[in-house]
Amino acid sequence: MVRQLSVFLPNKPGILAIFTELLGKNSINIRALTVADTADYGILRIIVDDPTKCLNVLKEANYLVSETEVIAVEVEDKPGALHQIAKLMGDNGINIEYIYSTLKAGAAVILIRVNKPEKALELLKKESFKVLGDEIYKI
Amino acid sequence: MAKRYEYWNKEMELKNRKELDEIQTKRLRAIVKYCYEKVPFYNKRFKEIGLHPDDIKTKEDIVKIPITKKQDLRDNYPFGMFAVPLTEIVRIHASSGTTGKPTVVGYTKNDIETWTELMARTIMAPNVTKEDIVQNAYGYGLFTGGLGFHYGAERIGATVIPISGGNTERQILIMQDFKSTVLTCTPSYSLFIAEYMKNQDIDIESLSLRVGIFGAEPWSDSLRKKIEDALHIDAIDIYGLSELCGPGVSVECPEKAGLHIWEDHFIPEIINPETSEQLGEDEQGALVFTTLTKEGIPLLRYLTNDISILNYEKCNCGRWHARMKKVIGRADDMLIVRGINVFPSEVEYQLMKIPGVSENYQIIVDRDILDILTIRVEVTPEYFSDKISDMEALKDKIEKHLKANLQIHANVEFAAPGSIERSIGKAKRVIDLRKDKI
C-alpha cells in the first residue's frame, strides 16, 4: 500500500495554481495525480515523493487534507494490462472505488482504492502482480 | 449537590412576583408622567391620541401607550429624545448602527449609577465574584459593551483587564499570563479565539478560563455547546441594547434556562411585530421594553425587533424576574425565502447539530426567478473524505436535515477552510443578493 494525500480544492480559477506553487516552492514532486470534481469543489488525489513533508506543508497552509492508503500495481505498458486487474477485482467481488495511473520507464503504475484492500492485495500477490511499496515515491 | 447561586443585590433580585408588580406599577406611573412632561416627542404623541398620564393607572394600562420605534430615535437625532438638558448628561453612547445614522443615547449621573448596579447583578448572576479576573474583550468606545462590563465588573470587586476587542494573539498571551478566569466578548469572537488557539497548537489547559459572558449578537444553544467544548467554560448569554442602557438588561443564571430581565428597571412585553398587539406568556413575538428608572433618555414601549418568548415562573435560582428565551432572531433579520420565514439563527442551530459541519458558515440568498438559498459550510477535517460519494452524502444529509427541520430547500456548498470570513465584531453570516435585483 502507498500513501495518497487527498486535498479539498474549490472549483474556481486560479486555485490549482496556488496549490501547485506551494508544492513547487517546497520542492515536492508529484508522482501521480487525479481529480474528482463536482460543480463547487474537487478532490485532488496525489502521490508525492515525500508524503509526510507534503502533509505538513498543506496543513500549515490550512488546506483540508486527508491521507489514505491505496494499492499501487506495476503492469506492462501494453494493451490489455489494465483489463487483467479490473477482471481480477470484478471476478472476486471487489469494488473499485476509484482508479488512476501513472507511467514509469517502460511500465505503467495503476493506483486503485477498493472496498476490500486486504483481499485485493492477497489476490494480486497470488497472481504474481508487482505490487509497489515505498519505491513509488522514487519513480 | 446543591447549586451555588450568587446575587449582587439579594433584596431586589429575590423580590417575588407580587412585589415586582407593585414596584413596576409605581415606577411606570412615574416614568409616564416624566416622559409627558420632559420629552416633547412623548408630549406630542400623547396629545395626538388624547392620552394623559393619569390614564395609566395599572400595569395593564401600558397597552394604551403607542410603541416607540428606532425610527423615532433617528427622527430626533441626535439629542431630541433626551429628557434633560445636556448639562445633566455625563455620558453619550451610540449604537453600532451599520446603516444610516447611529442611535444616540445619553446618561445622567444616576443613569450611570443604575447601569453599573445592573451590570454588577448581571456579571454576578453566573457566579462571577470578586475572586475573578475578568478579561473584557468587548470594544471600548461609543459601543456600550466595553464600558458597561468594565463598570459592572469593577463594582463587584473583580479584577478587570480592559483589553478591548481584537489582537487575538495578545488576548491569548494575556489570558495565559494574567490567568483570566472570565472572558467577555461576542460569541463569534470567542470562537475565533478558540480556532486561533487550535491552529497555533496552543493547549486550552494553558488558560484558566471558567466562564464566558457573551452577547451583542444572537447565538444558538448548539453554538453554546461548541464554545463550551472548545474553551472548556460555561458560556452565558447576556442581553441588552444601547437604547435601554447597553448590556445589563438581562442575563442567564447558572440554570441557563432563559435570561432574567431586571424587572425593577424594565417592563418587558412581547408583541406581534406586524400588528403591535400584545401577546401572552409563552407566545413568540418581538420584545418591547419600557424603561422604569432612566432619566437621560426614558423610553416607553420601545420595540427591539428581537424575537423571543417570556416566562414568569419562579426560577430554580430563586429569582422571579421574568425570563426571556435566548433571542431566536431579529424581526428585521428574518429572511423570507420563497414565502417561508427563515431566521438565520435557526439555520445555525440546525447546522450545528450535524457532525462534520464547522461553526463557519454563510447563508446566501439570491434570486433567479425564484429565491435560491445557498448555505456555504466549511467541513471539519475529521469529516473530509477522499471519496466524492462520502462528501456528497454529507451534503445530502445537510440538505435533508434543513428541509426536515426548516421546511425549506437549501443548496449546500462546501467551502475551503478559512475561506468564509471570520468575524471579530458582529458576525456577517447572511448575504442577501436579492436587494440589488428588485
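The values are calculated or read from the model by the stated rules, or taken from the named source; none is laboratory data. Quick caveat, the model's predicted, so the values are computed rather than measured. Positions of Cβ are backbone-derived with ideal geometry, glycine not excepted, and every protein chain shown enters the neighbour counts.
B:Leu310 fails exactly one of the following numbered conditions: (1) surrounded by 22 or more Cβ atoms within 10 Å (Cβ to Cβ); (2) under 30 Å from B:Cys35 (Cβ atoms). What is the number of that condition?
With respect to (1) surrounded by 22 or more Cβ atoms within 10 Å (Cβ to Cβ); (2) under 30 Å from B:Cys35 (Cβ atoms), B:Leu310 is out only on (1).
Starting from the stretch B:215-232, take each residue that is more than 22 Å from B:Val249 (Cβ to Cβ) and list its partners that are of a type in the set (D, E, K, R), counting only C-beta distances under 6 angstrom and pairs at least six apart or across chains.
Filtered contacts from the stretch B:215-232: B:Ser222/B:Lys353; B:Lys226/B:Glu359.
Taking the condition in a helix (DSSP H, G or I), modelled with pLDDT under 95 and either in contact with a helix residue (DSSP H, G or I) (Cβ under 6 Å, 6 or more places away or on another chain) or not small (Gly, Ala, Ser) (or both), does B:Leu118 pass?
On the way: in a helix (DSSP H, G or I): yes; modelled with pLDDT under 95: no; either in contact with a helix residue (DSSP H, G or I) (Cβ under 6 Å, 6 or more places away or on another chain) or not small (Gly, Ala, Ser) (or both): yes.
So B:Leu118 fails the test.
Of the residues B:Phe192, B:Phe178, which is closer than 23 Å to B:Ile123 by Cα, among the hydrophobic types (A, V, I, L, M, F, W, C) and more than 26 Å from the chain's Cα centre (by Cα)? Break it down into steps so the answer makes sense when it comes.
On the way: B:Phe192 fails: more than 26 Å from the chain's Cα centre (by Cα).
It is B:Phe178.
Mind checking whether some residue in the stretch B:66-81 is exposed (fewer than 14 other Cβ atoms within 10 Å of the Cβ), touching a Lys or Arg at 6+ places or on another chain (Cβ under 9 Å) and under 26 Å from B:Leu118 (Cα atoms)?
No, the conditions are met nowhere in the stretch B:66-81.
Take the residues in the stretch A:69-86 that are in contact with a Leu (Cβ under 9 Å, 6 or more places away or on another chain) and more than 12 Å from chain B (Cβ to nearest Cβ); name whichever of them is surrounded by the fewest Cβ atoms within 10 Å (Cβ to Cβ). Show your work before the answer.
Here is the first cut: in the stretch A:69-86, the ones in contact with a Leu (Cβ under 9 Å, 6 or more places away or on another chain) are A:70-75, A:77, A:85.
Subset that is more than 12 Å from chain B (Cβ to nearest Cβ): A:71-75, A:77, A:85.
On the way: A:Ile71: 22, A:Ala72: 24, A:Val73: 22, A:Glu74: 19, A:Val75: 18, A:Asp77: 14, A:Ile85: 21.
The qualifying residue surrounded by the fewest Cβ atoms within 10 Å (Cβ to Cβ) is A:Asp77.
Within the stretch B:378-408, how many residues turn out to be farther than 30 Å from A:Ile99 by Cβ and either within 9 Å of chain A (Cβ to nearest Cβ) or surrounded by 15 or more Cβ atoms within 10 Å (Cβ to Cβ) (or both)? Before the answer, list the steps.
Applying the first criterion (farther than 30 Å from A:Ile99 by Cβ) to the stretch B:378-408 yields B:400-408.
Filter again for either within 9 Å of chain A (Cβ to nearest Cβ) or surrounded by 15 or more Cβ atoms within 10 Å (Cβ to Cβ) (or both), leaving B:401-402, B:406, B:408.
Residues in the stretch B:378-408 being farther than 30 Å from A:Ile99 by Cβ and either within 9 Å of chain A (Cβ to nearest Cβ) or surrounded by 15 or more Cβ atoms within 10 Å (Cβ to Cβ) (or both): 4 in total.
Only one residue in B:Val63, B:Val32 is closer than 22 Å to B:Trp115 by Cα and aliphatic (A, V, I, L, M). Which one?
Details: B:Val63 fails: closer than 22 Å to B:Trp115 by Cα.
Going through B:Val63, B:Val32 in turn, just one is closer than 22 Å to B:Trp115 by Cα and aliphatic (A, V, I, L, M): B:Val32.
Assess whether B:Asn360 counts as being outside any loop (DSSP other than H, G, I, E, B), surrounded by fewer than 18 Cβ atoms within 10 Å (Cβ to Cβ) and not assigned by TED's automatic domain parsing to the domain that holds B:Trp115.
It is false that B:Asn360 is outside any loop (DSSP other than H, G, I, E, B), surrounded by fewer than 18 Cβ atoms within 10 Å (Cβ to Cβ) and not assigned by TED's automatic domain parsing to the domain that holds B:Trp115.
Among (1) over 30 Å from B:Asn316 (Cβ atoms); (2) assigned to a helix (DSSP H, G or I), there is one condition B:Leu51 misses while meeting the rest; what is its number?
With respect to (1) over 30 Å from B:Asn316 (Cβ atoms); (2) assigned to a helix (DSSP H, G or I), B:Leu51 is out only on (2).
B:Glu131 versus (1) surrounded by 19 or more Cβ atoms within 10 Å (Cβ to Cβ); (2) more than 19 Å from the chain's Cα centre (by Cα); (3) part of a loop (DSSP other than H, G, I, E, B): which is the lone unmet condition?
(1)
Being in contact (Cβ under 8 Å) with a residue 24 or more places away in the chain and in a loop (DSSP other than H, G, I, E, B) is the filter; apply it to the stretch B:134-156 and report the residue that is nearest to B:Thr87 (Cα to Cα).
B:Leu142
If we scan the stretch B:199-212, do we find a residue that is surrounded by 20 or more Cβ atoms within 10 Å (Cβ to Cβ) and either at pLDDT below 95 or hydroxyl-bearing (Ser, Thr, Tyr) (or both)?
No, the stretch B:199-212 contains no residue that is surrounded by 20 or more Cβ atoms within 10 Å (Cβ to Cβ) and either at pLDDT below 95 or hydroxyl-bearing (Ser, Thr, Tyr) (or both).
Step by step: first the residues of the stretch A:89-139, then only those that are within 14 Å of chain B (Cβ to nearest Cβ) and outside any strand (DSSP E or B), then the one that is nearest to A:Ile28 (Cα to Cα). Which residue is that? Lay out the reasoning, then the answer.
To start, the set of residues in the stretch A:89-139 that are within 14 Å of chain B (Cβ to nearest Cβ) comprises A:95-100, A:111-115, A:117.
Now narrow it down to the ones that are outside any strand (DSSP E or B): A:95, A:115, A:117.
On the way: A:Asn95: 32, A:Asn115: 29, A:Pro117: 27 Å.
Top of the filtered list is A:Pro117.
So that you can scan it fast, the table gives a plain yes or no per residue for (1) within 14 Å of chain B (Cβ to nearest Cβ); (2) surrounded by 15 or more Cβ atoms within 10 Å (Cβ to Cβ):
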site: A:Phe8; (1), (2): yes, yes
site: A:Thr20; (1), (2): no, no
site: A:Val35; (1), (2): yes, no
site: A:Ile46; (1), (2): yes, yes
site: A:Leu64; (1), (2): yes, yes
site: A:Glu67; (1), (2): yes, no
